[in-house]
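Have a look at the structure below before the remarks.
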Amino acid sequence: MDRIPDASKLDWLTLLSEQHGVVSLRQLRAHGHSSDDVSANVDAGRWQRVLPRVYAAFTGEPSRSALLSAALLYGGSHAVLSHHTAAEEWQLLPIADRPVEITVPYSSSAVSQPPLVVVHRSRALRHTTLETTPPRTRGPDTILDLAVSQQTARDATMLVVDLVSRSSIPLQAVQDCFLLRPPYRHRAAVRRGLELIGTGLMSALEVEYLERVEEQHGLPRGDRQTPLVVDGKTLWEDVTYDNHGAPVTIRLDGRATHAIGKVAFRDRRRDNAAELAGRARLVYGWRDVHASPCAVAAEVRMILLREGWDPTGSREPTCHRCRPGRS
């Protein structure tokens with residue numbers, strides 16, 4: 001039987017509830033449990049060790065909430081959720097079966113505990129933490145932390161574009177964070193990602209189209225996120241070329257949501273509106289743009305010329321696969 005002082009039993013139950021059944025060794029001792037008592041409960045199968053000096057006062061698989069509490073207890077009083085885990089809490093990324101990521105001060109003795117916990121260190125925790133429950137890095141800092149952790153600079157750019165463009169975190173807030181806490185890694189790539197969002201790009205697919213189709217093939221740079229009113233609602237076209245003398249719309253279909261009934265209906269109404277307005281339109285997905293940018297560029301060029309674009313003075317293609325003179 002657990003030896004819990006009567007006067008602290010209510011506090012003990014509250015503690016278990018708030019921490020989803022997970023407690024640290026220090027908390028156990030504060031509530032009257034000796035090391036022998038802890039060992040006896042673990043050996044009897046009533047409790048289980050989750051991490052060093054952290055125990056679950058229950059049997060069975062710990063829930064996600066219990067694992068988050070365990071990671072923070074292991075990290076210490078200043079530990080916060082960060083990186084992928086903070087992004088999941090901010091609903092920037094879907095919850096995935098991966099280690100809990102926390103950030104601790106440099107003075108902390110906590111180290112990563114595979115496969116449950118990844119530990120990062122920071123000297124700026126007091127500036128980057130939001131006192132939520134559980135505590136986590138602020139939204140803008142979470143995005144920058146994730147960008148810095150990417151393997152390549154291009155991955156960092158794409159991540160910034162994707163996360164900032166589809167979240168409720170204002171671009172200005174991330175830009176301010178970038179200026180106040182310039183990342184030590186992928187700095188230029190992160191800056192480029194923020195600049196691309198500022199020009200209207202809303203996804204990694206749109207970045208691919210800009211760089212691999214327009215820029216590398218000497219096509220004009222279209223306008224991004226052009227408003228279009230359909231059935232009294234304002235929708236947004238990914239790329240349009242009206243300012244270059246050609247009523248052409250490019251739609252970049254990289255989202256699974258296009259298969260949802262309401263979205264599919266909206267897209268059909270948008271197609272009908274474009275047809276009635278006499279607009280040419282082309283639709284491309286990730287595979288088209290990423291794997292066959294030359295073919296996409298050739299089709300776009302053909303439609304632009306047909307619709308009135310004057311290529312005089314346009315840039316020379318830089319694509320090594322299809323530029324003039326390539327054997």
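For region 109-155, the set of residues classified as in contact with a Leu (Cβ under 8 Å, 6 or more places away or on another chain) and either among the polar types (S, T, N, Q) or on the phi > 0 side of the Ramachandran plot (or both) consists of Q113, T137, T142, Q150, listed by residue number. The number of residues in region 309-319 that are surrounded by fewer than 14 Cβ atoms within 10 Å (Cβ to Cβ), over 17 Å from R212 (Cβ atoms) and not hydroxyl-bearing (S, T, Y) comes to 3. Per the conditions (1) closer than 23 Å to T137 by Cα; (2) out of contact with any helix residue (DSSP H, G or I) (no Cβ under 8 Å at 6 or more places or on another chain), the sole criterion not satisfied by A30 is (1). You will find that of S107, S112, the residue that is more than 21 Å from the chain's Cα centre (by Cα) and either closer than 20 Å to A147 by Cα or modelled with pLDDT of 95 or more (or both) is S112 and no other. Just one of the numbered conditions (1) in contact (Cβ under 8 Å) with a residue 60 or more places away in the chain; (2) touching a Gly at 6+ places or on another chain (Cβ under 8 Å) is not true of A57: (1).
Could you say which residue among T137, T133 is over 22 Å from A204 (Cα atoms), free of Cβ contacts under 8 Å to residues at least 12 places away in the same chain and among the polar types (S, T, N, Q)?
Values: T137 fails: free of Cβ contacts under 8 Å to residues at least 12 places away in the same chain.
One residue alone meets the criteria, T133.
Within region 131-150, the presence of a residue that is open to solvent by less than 20 Å² (accessible area, probe 1.4 Å) and in a loop (DSSP other than H, G, I, E, B) is excluded. Checked against (1) open to solvent by 60 Å² or more (accessible area, probe 1.4 Å); (2) closer than 19 Å to E237 by Cβ; (3) modelled with pLDDT of 90 or more; (4) not aliphatic (A, V, I, L, M), W286 meets all criteria but (3). For region 206-216, check the following and say yes or no: at least one residue is buried (at least 20 other Cβ atoms within 10 Å of the Cβ) and assigned to a loop (DSSP other than H, G, I, E, B). The answer is no; no qualifying residue exists. Selection of first residues in region 26-54 that are on the phi > 0 side of the Ramachandran plot and of second residues that are open to solvent by 40 Å² or more (accessible area, probe 1.4 Å), restricted to Cβ pairs under 6 Å at least 6 apart or on distinct chains, gives the following pairs, ordered by first then second residue: G32/R3; G32/P5. When both residues are 6+ apart or on different chains and their Cβ atoms are under 7 Å apart, which pairs have a first residue that lies in region 290-316 and is at positive phi, and a second that is open to solvent by less than 60 Å² (accessible area, probe 1.4 Å) and of a type outside the set (S, T, Y)? Here the result reads G308/G245; G308/A246, each pair linking region 290-316 to a residue that is open to solvent by less than 60 Å² (accessible area, probe 1.4 Å) and of a type outside the set (S, T, Y). Hey, can you tell me all the residues within region 50-74 that are surrounded by fewer than 14 Cβ atoms within 10 Å (Cβ to Cβ) and not in a loop (DSSP other than H, G, I, E, B)? Result: R64, S65.
Could you go through region 93-103 and let me know if any residue there is at pLDDT 95 or above, of a type in the set (S, T, N, Q), touching a Leu at 6+ places or on another chain (Cβ under 8 Å) and assigned to a strand (DSSP E or B). Taking every residue of region 93-103 in turn, at least one turns out to be at pLDDT 95 or above, of a type in the set (S, T, N, Q), touching a Leu at 6+ places or on another chain (Cβ under 8 Å) and assigned to a strand (DSSP E or B).
Looking at region 81-112, which of the residues that are hydrophobic (A, V, I, L, M, F, W, C) and surrounded by fewer than 24 Cβ atoms within 10 Å (Cβ to Cβ) is nearest to T133 (Cα to Cα)? Walk me through how you get there before you give the answer.
Within region 81-112, the first condition is being hydrophobic (A, V, I, L, M, F, W, C), and the residues that meet it are 81, 86-87, 90, 92-93, 95-96, 100, 102, 104, 110-111.
From what is left, the residues that are surrounded by fewer than 24 Cβ atoms within 10 Å (Cβ to Cβ) are 90, 92-93, 95-96, 104, 110-111.
Values: W90: 12, L92: 17, L93: 18, I95: 17, A96: 20, V104: 17, A110: 21, V111: 23 Å.
Checking each candidate, the answer is W90.
The values are calculated or read from the model by the stated rules, or taken from the named source; none is laboratory data. All of these numbers come straight from a predicted model, not from anything done at the bench. Reconstructed Cβ throughout: ideal geometry from the backbone, glycine too, with neighbour counts over all protein chains shown. The accessibility values were calculated without ligands, DNA or RNA, using every heavy atom of the protein model including side chains. Shrake-Rupley method; radii C 1.70, N 1.55, O 1.52, S 1.80 Å.
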